[in-house]
Amino acid sequence: AAGTTDDYITSIEHANKDGAKVIVTPGFLFEVPIHTVQEQHPDVKFILIDGNPNDGAKEPTYKTAENTVGIKFSEEQAGYLAGYAAVMDGHTKLGFLGGQAVPAVVNFGYGYVQGANDAAKELGITVEMMYTNTDGFSATPEAQAMAAGWYNAGTEIVFGCGGSVGNSVFSAAEASNGLSIGVDIDQSGESTTVVTSAMKGLAAAVEDVLDQYYAGSFPGGQNLILGADKNAVSLEMTHA
């Protein structure tokens with residue numbers, strides 16, 4: 001479950017007290033906490049995944065200190081691959097069930113729709129798309145019921161995009177003999193219904209920055225956007 005900014009700052013402070021030299025934080029919810037602590041702890045290096053440090057205002061002020069690097073991914077590219085592949089694989093009734101409409105989820109979804117549309121144009125066919133976002137990232141009976149309703153109405157494959165929301169999709173797919181698409185990592189181990197996953201190179205990106213840190217060339221002060229040109233997004237092909 002998502003915590004508050006104070007919760008995240010407390011966790012970061014605990015890691016700092018334990019002697020951490022590099023702290024990796026996952027997700028946009030850490031943007032404000034990192035903005036707060038980065039200058040308080042100049043001797044600590046911060047790697048912020050899926051976000052850039054800002055003050056959280058309605059019109060936020062962004063600042064990435066020299067001891068911090070922000071890493072975002074071109075999720076729209078990964079989503080595009082998933083939508084394109086699903087239609088090229090013969091599916092004409094697709095769904096996208098996303099978590100909270102944060103930038104990463106929105107990017108995945110928009111790319112998914114565009115990829116499906118482009119594939120349909122190439123094939124000269126029409127596809128149907130069910131599309132919605134939930135208000136969080138948890139597996140809920142409501143999310144599962146929505147996905148089940150889609151499957152029962154003829155939807156063939158659903159992209160579950162947003163934390164455990166995907167597990168709701170997987171459960172619905174299993175009960176309805178439907179198919180699903182995973183997100184971020186290869187989720188084929190989560191369910192036999194997963195035919196592919198729209199993946200981001202999360203581990204590889206962190207490893208690369210850590211290698212730079214140990215080599216004395218930490219990319220501090222930068223906000224990186226990693227896409228296909230950096231092999232940072234991909235479609236899992238083993239189970240396609």
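The values are calculated or read from the model by the stated rules, or taken from the named source; none is laboratory data. Keep in mind the model is a prediction, meaning the values are calculated, not measured. All Cβ positions, glycine included, derive from the backbone under ideal geometry; neighbour counts span all protein chains shown. Keep in mind that these areas ignore ligands, DNA and RNA; they rest on the heavy atoms of the full protein, side chains included. Shrake-Rupley method; radii C 1.70, N 1.55, O 1.52, S 1.80 Å.
Looking only at residues in the stretch 41-70 that are among the small types (Gly, Ala, Ser) and within 14 Å of Val24 (Cα to Cα), the one that is modelled with the highest pLDDT is Gly70. If you filter the stretch 58-102 down to residues that are aromatic (Phe, Trp, Tyr) and either open to solvent by 10 Å² or more (accessible area, probe 1.4 Å) or assigned to a loop (DSSP other than H, G, I, E, B) (or both), you find that the one that is farthest from Ala153 (Cα to Cα) is Tyr62.
Identify the single condition in (1) under 21 Å from Met146 (Cα atoms); (2) open to solvent by 20 Å² or more (accessible area, probe 1.4 Å); (3) within 13 Å of the chain's Cα centre (by Cα) that Gly182 does not satisfy, given that it satisfies every other one. Result: Gly182 fails condition (2) only. If you go through the stretch 8-24 and keep only what is in a helix (DSSP H, G or I) and either open to solvent by 70 Å² or more (accessible area, probe 1.4 Å) or without any contact (Cβ under 8 Å) to a residue 24 or more places away in the chain (or both), you end up with Thr10, Ser11, His14, Ala15, Lys17. Picking from Gly189, Gly220, Gly216, Gly166, which residue would you name as being in contact with a Ser or Thr (Cβ under 9 Å, 6 or more places away or on another chain), open to solvent by 10 Å² or more (accessible area, probe 1.4 Å) and not in a strand (DSSP E or B)? Gly220 is the lone residue from the list that is in contact with a Ser or Thr (Cβ under 9 Å, 6 or more places away or on another chain), open to solvent by 10 Å² or more (accessible area, probe 1.4 Å) and not in a strand (DSSP E or B).
Out of the residues in the stretch 25-40 meeting the condition of being more than 22 Å from the chain's Cα centre (by Cα) and assigned to a loop (DSSP other than H, G, I, E, B), tell me which one is surrounded by the most Cβ atoms within 10 Å (Cβ to Cβ). Restricting to residues being more than 22 Å from the chain's Cα centre (by Cα) and assigned to a loop (DSSP other than H, G, I, E, B), the top hit is Gln38. Taking (1) in contact with a helix residue (DSSP H, G or I) (Cβ under 7 Å, 6 or more places away or on another chain); (2) over 22 Å from Pro26 (Cα atoms); (3) surrounded by fewer than 17 Cβ atoms within 10 Å (Cβ to Cβ) in turn, Ala172 satisfies each apart from (3). Filtering the stretch 130-154 to residues that are buried (at least 18 other Cβ atoms within 10 Å of the Cβ), more than 19 Å from the chain's Cα centre (by Cα) and either within 14 Å of Gly99 (Cβ to Cβ) or free of Cβ contacts under 8 Å to residues at least 12 places away in the same chain (or both) leaves Gln144, Met146, Ala147.
For the stretch 47-57, the tally of residues that are closer than 25 Å to Val233 by Cα and loosely packed, with under 13 Cβ neighbours inside 10 Å stands at 0.
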